[in-house]
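See below for the structure under consideration.
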Amino acid sequence: MDKTQTQKRIQKLRSEIARLRNAYHIENAPGVTDDIYDSLTRELKELLQKYPEFNDLNSPENRVAGKPLDKFVKVKHETRMLSLNDVFNEEELFDWEKRIKKLLIGSEINYFCEVKFDGLAVSLIYENGIFTRGATRGDGFIGEDITQNLKTIHSIPLVLNPLLSPEGVGGGNLKYLEVRGEVLMSKKTLISLNKKNKKENKPLFANSRNAAAGSLRQLDPELAAERKLDFFAYDIAEMKEAGPLLRGPASKLQTHSEKHKLLKSFGFNVDQDDAVCKDLKEVISFIKKFEKIRPNFPYGTDGVVISVDNLKLQEILGVVGKAPRYMAAFKYPAEKATTVVKNIVVNVGRTGVLTPLAIFEPTLVAGSTVSKATLHNMDQIERLGLKIGDTVVIEKAGDVIPKVVEVLTRMRIGKEKKFKMPEVCPTCGGKIEKKELPGQKSVAYYCSNSKCSAKNERYLEHFVSVFEIYELGPKILRRFKDEGLITDAADIFTLTKEDIAPLQRFGEKSAENIVQEIKNKKKISFAKFLWALGILHVGEETARDIAVHFSTLEKLLISARTTLAEIDNIENIGPAVSKSVNEFFNDKNSLNFIKKLQENGVIIEKAEKTKAGKFTGLNFVLTGTLAQMSREIAKERILALGGKVVGSVSKNTSYVVAGIDPGSKLKNAEKLGVKILNEKEFLEILK
Ligand code: IVH
């Protein structure tokens, strides 16, 4: 981008950020999630660092957020409600420690770790043990009195529990107590609230924080009560005892962790996962442990709050600006980010299908740098309304491949270009055919040339991966093809050590390994054999259904040659699939290929009918990593009990088994209300 283009981009970013900021703080109706807002702000900051001459103190990004609304009575906080400084990785965490250690020379530091809830900060005041006033944070100095609404939250005690607190402390001898904490809406409540709002054509909440904020700002406490909010306490800001007390807790409190214990004994919810850590190594394992729990945690969270536990040390460290130096918020990587689509290119897949791919500037999302994302098909591009040059939102959750989820049309400058599918194959120049996608109204574009080299390469990669011939990666396959050692996948089975060893960079040993591995993988189940053939629309699941139905290749061949009807009648198989299966087995080239595979030593094992068992009729979807068993084994166990394993979640899914780092399948399951099992529950039903 040159200087004038940058200036234009800065203007665009500024106005969009200002609009989003207003929607969020004033209208309580954010158009986008925080990640997107943060991402745009980060880009603006970076551009302004490069071109400081475009800085403008009056521009909206320099204004302080959180102005109280006029509807509620304003209240002044006795002690300012602070913010936290963020750290985004281990290095920044160590930098923070270095800074505080300079000020605490020789002191032993313990850290207190707790979950950073993604809700709304509030202050609660108790006088003589009775809840008298609750307020929002506002700008930190002045908030809004929302006592009536807070009283509807069941986890906020109206009277402090004097019996459970140590030494009878509570209503009796506590004159004044100010508790700080977070009002939250559970993920479950948010889903059902959004379902209801959708039905009633009302706007949906982007996350639980906005839902909590929106609910607390209802002027009618009855409406707020319907929202089933929760409260978690995380700090005591002020505690005064009635008269000179001999046995008061305030005089005894020495650590932040003791504050938590006391809050709990008063009857507040506090984070159950909190822990005292003796060094940053333990803090980091806390962060890693919680990262695994986080997707299934009942509330929205965006990180971990780390505090110096000792209150005396906290005092020495003090506050800088609007954040305490003795605390840091570790933020987990954002799962969404914004970027600009530089180009859309087209990939040719193994079936010849053309897949558009968005290319963008390398962008950090969910902890990794990505520079491309699949757009799946033309339909997807049209649904998104995507043009080349657009600013888009990309999403990457867990180990899932990145996706373009939204186009920020307001960021357009008028120079964006429409994308058109090429009229000929970008690799071989072959004719493009349009075909319907099974079960969908949309069409896909295919290269019709059976000799297309891109198509053949992808097919070889698919073939060896289904046969589990791990020694043959894409580079080696291409090399063998270029050297003329193989012309198709069946040739793989005739390769000898003598063919491979003379090639540069291959020695005797690696040649031997390759040949041995190929030999070991000659035997294959009928289902996998069908899958390996790469028949259009026949993936792993469909291949298994067909294999179980026919049990042998011979029976399938007879049926396919004579009639479509039998394949059509198999459960789960629709007309587009049966048509393509039929076409495949009536094509001389495919039949020759199958014959060649068998002649070269491939042995196809007969498919057994799936046994009936306690999972008969149940569909499972697996997501994330299981700690106790591999995905393959989990699949086998389900199949052995008569169940099915399918690739994507639908309303017909019986269970989603969610391991560590689950992907979007878990979100889909939550959306559709499909029963979710964690690993423990899954192992339980396998018994
Ligand atoms: S400690 C010094 N502990 O994070 C002020 N804050 O980014 C922070 N938050 O306004 C208080 N969970 O709303 C603290 N366990 C936790 C928290 C937490 C969420 C929020 C709080 C604060 C914001 C700062």
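The values are calculated or read from the model by the stated rules, or taken from the named source; none is laboratory data. Predicted model, so just to flag it, every value in this text is computed and none were measured. No Cβ is skipped: glycine too gets one built from the backbone with ideal geometry, and neighbour counts run over all protein chains shown.
Step by step: first the residues of the range 77-94, then only those that are assigned to a loop (DSSP other than H, G, I, E, B), within 30 Å of the chain's Cα centre (by Cα) and surrounded by 14 or more Cβ atoms within 10 Å (Cβ to Cβ), then the one that is farthest from the ligand (Cβ to nearest atom). Which residue is that? Please lay out each step first, then the result.
To start, the set of residues in the range 77-94 that are assigned to a loop (DSSP other than H, G, I, E, B) comprises 77-85, 88-89.
Checking which are within 30 Å of the chain's Cα centre (by Cα) leaves us with 82-85, 88-89.
Subsequent filtering for residues that are surrounded by 14 or more Cβ atoms within 10 Å (Cβ to Cβ) retains 82-85, 88.
Details: Leu82: 4, Ser83: 5, Leu84: 4, Asn85: 9, Phe88: 13 Å.
Ranking the qualifying residues of the range 77-94, first place goes to Phe88.
Out of the range 286-309, which residues are hydroxyl-bearing (Ser, Thr, Tyr) and modelled with pLDDT of 95 or more? Steps first, please.
Of the residues in the range 286-309, the ones hydroxyl-bearing (Ser, Thr, Tyr) are 299, 301, 307.
Within the range 286-309, Ser307 is the sole residue that qualifies.
For the condition outside any helix (DSSP H, G or I) and on the phi > 0 side of the Ramachandran plot, Gly601 qualifies. For the range 196-207, the count of residues that are in a strand (DSSP E or B) and either in contact with a strand residue (DSSP E or B) (Cβ under 6 Å, 6 or more places away or on another chain) or more than 16 Å from the ligand (Cβ to nearest atom) (or both) is zero. Residues considered: Val645, Val602. Of these, the only one that is in contact with an Asp or Glu (Cβ under 9 Å, 6 or more places away or on another chain), in contact (Cβ under 8 Å) with a residue 60 or more places away in the chain and buried (at least 19 other Cβ atoms within 10 Å of the Cβ) is Val645.
The set of residues in the range 371-424 being surrounded by 17 or more Cβ atoms within 10 Å (Cβ to Cβ) and part of a strand (DSSP E or B) consists of Lys372, Ala373, Thr391, Val392, Val393, Ile394, Glu395, Lys403, Val404, Glu406, Val407.
Scanning the range 454-465 turns up no residue that is modelled with pLDDT under 95 and surrounded by fewer than 14 Cβ atoms within 10 Å (Cβ to Cβ). Assessment of the range 374-387 against the conditions (in contact with a Pro (Cβ under 7 Å, 6 or more places away or on another chain), farther than 17 Å from Ala444 by Cα and modelled with pLDDT under 95) yields no matching residue.
Applying the set (1) modelled with pLDDT of 90 or more; (2) within 16 Å of the ligand (Cβ to nearest atom); (3) within 20 Å of the chain's Cα centre (by Cα) to Arg325 leaves exactly one unmet item: (3). So is Val345 assigned to a strand (DSSP E or B), surrounded by fewer than 22 Cβ atoms within 10 Å (Cβ to Cβ) and touching a Phe, Trp or Tyr at 6+ places or on another chain (Cβ under 8 Å) or not? Against the criterion (assigned to a strand (DSSP E or B), surrounded by fewer than 22 Cβ atoms within 10 Å (Cβ to Cβ) and touching a Phe, Trp or Tyr at 6+ places or on another chain (Cβ under 8 Å)), Val345 does not qualify. Does Ile109 fit the bill of being part of a loop (DSSP other than H, G, I, E, B), away from the ligand (no atom under 16 Å from the Cβ) and surrounded by 17 or more Cβ atoms within 10 Å (Cβ to Cβ)? When the stated conditions are applied, Ile109 passes them.
So, restricting to strands (runs of 3 or more DSSP E) that lie completely within the range 114-161, which ones have at least 1 residues that are more than 16 Å from the ligand (Cβ to nearest atom)?
Details: elements: 120-127, 130-136, 142-144.
Passing ranges, in order: 120-127, 130-136.
Kindly evaluate Asp271 against the criterion of being among the charged types (D, E, K, R), at pLDDT 90 or above and within 17 Å of Glu114 (Cα to Cα).
Working: among the charged types (D, E, K, R): yes; at pLDDT 90 or above: yes; within 17 Å of Glu114 (Cα to Cα): yes.
When the stated conditions are applied, Asp271 passes them.
Of the candidates Gly601, Gly617, the single residue that is modelled with pLDDT under 90 and out of contact with any Leu (no Cβ under 8 Å at 6 or more places or on another chain) is Gly617. The residues listed here are Arg325, Arg350, Arg294; of these, the one that is closer than 30 Å to Ala532 by Cβ and of a type in the set (Lys, Arg) is Arg350.
For the range 497-532, which positions are touching a Ser or Thr at 6+ places or on another chain (Cβ under 7 Å) and within 20 Å of Asn586 (Cα to Cα)?
Within the range 497-532, the subset touching a Ser or Thr at 6+ places or on another chain (Cβ under 7 Å) is 515, 526.
Selection gives Phe526 alone.
Just the residues that are out of contact with any Gly (no Cβ under 7 Å at 6 or more places or on another chain), in contact (Cβ under 8 Å) with a residue 60 or more places away in the chain and of a type outside the set (S, T, N, Q), please, taken from the range 191-221. Walk me through how you get there before you give the answer.
Taking the range 191-221 and keeping what is out of contact with any Gly (no Cβ under 7 Å at 6 or more places or on another chain), we get 191-204, 206, 210-211, 213-221.
Restricting the remaining residues to those that are in contact (Cβ under 8 Å) with a residue 60 or more places away in the chain gives 191, 203, 206, 210, 213-219, 221.
Ile191, Pro203, Ala206, Ala213, Gly214, Leu216, Arg217, Leu219, Pro221 - these are the residues of the range 191-221 that are out of contact with any Gly (no Cβ under 7 Å at 6 or more places or on another chain), in contact (Cβ under 8 Å) with a residue 60 or more places away in the chain and of a type outside the set (S, T, N, Q).
Residue selection: Ser186 satisfies the criterion of being more than 14 Å from the ligand (Cβ to nearest atom), touching a residue at least 24 places away in the same chain (Cβ under 8 Å) and not basic (Lys, Arg).
Residues in the range 642-684 that are modelled with pLDDT of 85 or more, of a type in the set (Val, Ile, Thr) and under 18 Å from Thr625 (Cα atoms): Val645, Val649, Val656, Val657, Ile676.
State all residues of the range 95-106 that are more than 15 Å from the ligand (Cβ to nearest atom) and either without any contact (Cβ under 8 Å) to a residue 12 or more places away in the chain or of a type in the set (Phe, Trp, Tyr) (or both); if no residue qualifies, say none. Matches in the range 95-106: Asp95, Lys98, Lys101, Lys102, Ile105, Gly106.
The set of residues in the range 348-364 that are touching a residue at least 24 places away in the same chain (Cβ under 8 Å) and farther than 22 Å from Arg410 by Cα comprises Val348, Gly349, Arg350, Thr351, Gly352, Val353, Leu354, Pro356, Leu364.
Being part of a helix (DSSP H, G or I), of a type outside the set (Asp, Glu) and under 29 Å from Ile546 (Cβ atoms) is the filter here, so list the residues in the range 474-525 that pass it. Result: Pro474, Leu477, Ala489, Ala490, Ile492, Phe493, Thr494, Ile518, Lys519, Asn520.
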